[in-house]
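Single-structure report; data block below.
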Amino acid sequence: ENESMKEVVVITGTPGVGKTTLMRKLAKKIRNAGFYNATTLVNKHRLYSRKDRFGTKIVDLKKLKLIIDKMIRRDKHRIVVFDGHLLSDIGIRGAKAIVLREHLRTLLKRLQERGYPVEKIRDNLVSEAIGYCSSAARSNYREVYELMGSDRKVLQRIIRIIGGKKENRKEINLLEELVGIGKKNRKLVR
């Protein structure tokens, strides 16, 4: 099938915003599509050279992009969806980027439940507050949508975006929430 006829969608956002959960729901709603997780690809193809002080893999983004491009060409589906926080930093040609956002209190709770160290939680909360993934996605993709949360309405909006409908593209600002969280959680602010 012609690559230009394919609908390629990247779902990105800070760790803990609900990308993987949303992908599972999406896979149940859209039957004839290919779904791929960036972390799975990184592990399968050993696309990391080392780990940082938190044990997080340092990924070779150029190699990840090459593998994703190859997968898009090989995938027989008309719709191909990738998820992963790293994807905001990689421009996949012709892809629409959906940046999932989440309220910082919810994100804090999820990251604590995952057992992330305080410093890693802080880094992720700041990243979400300043909209790092959104900003990176805007420099790497022509069409970027920021969606708050991962509920049924967000799922329906993603299905409409994949279907080619024009959706609102307003930016989400969470900086105010960071101030509130900092006041309540001193150890996060140092």
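The values are calculated or read from the model by the stated rules, or taken from the named source; none is laboratory data. From a predicted model like this one, the values you see are computed outputs, not experimental measurements. Because the Cβ atoms are built from the backbone with ideal geometry, glycine has one as well, and the counts that use them run over all protein chains shown. Surface areas here come from the heavy atoms of the whole protein model, side chains and all, with no ligands, DNA or RNA. Shrake-Rupley method; radii C 1.70, N 1.55, O 1.52, S 1.80 Å.
Checking each residue of the range 162-175 against the condition of being under 27 Å from K65 (Cβ atoms), part of a helix (DSSP H, G or I), among the charged types (D, E, K, R) and without any contact (Cβ under 8 Å) to a residue 24 or more places away in the chain gives no match. Among residues of the range 43-62 that are under 18 Å from P117 (Cα atoms), those with a beta-carbon under 8 Å from a residue that is open to solvent by 60 Å² or more (accessible area, probe 1.4 Å) and of a type in the set (D, E) at least six positions away or on a different chain give the pairs F54/E119. Only one of the numbered conditions (1) open to solvent by 30 Å² or more (accessible area, probe 1.4 Å); (2) over 19 Å from S134 (Cα atoms) is violated by T20, and that is (2).
Annotation: of all residues in the range 141-155 being surrounded by fewer than 18 Cβ atoms within 10 Å (Cβ to Cβ) and free of Cβ contacts under 8 Å to residues at least 60 places away in the same chain, the one that is farthest from L22 (Cα to Cα) is R142.
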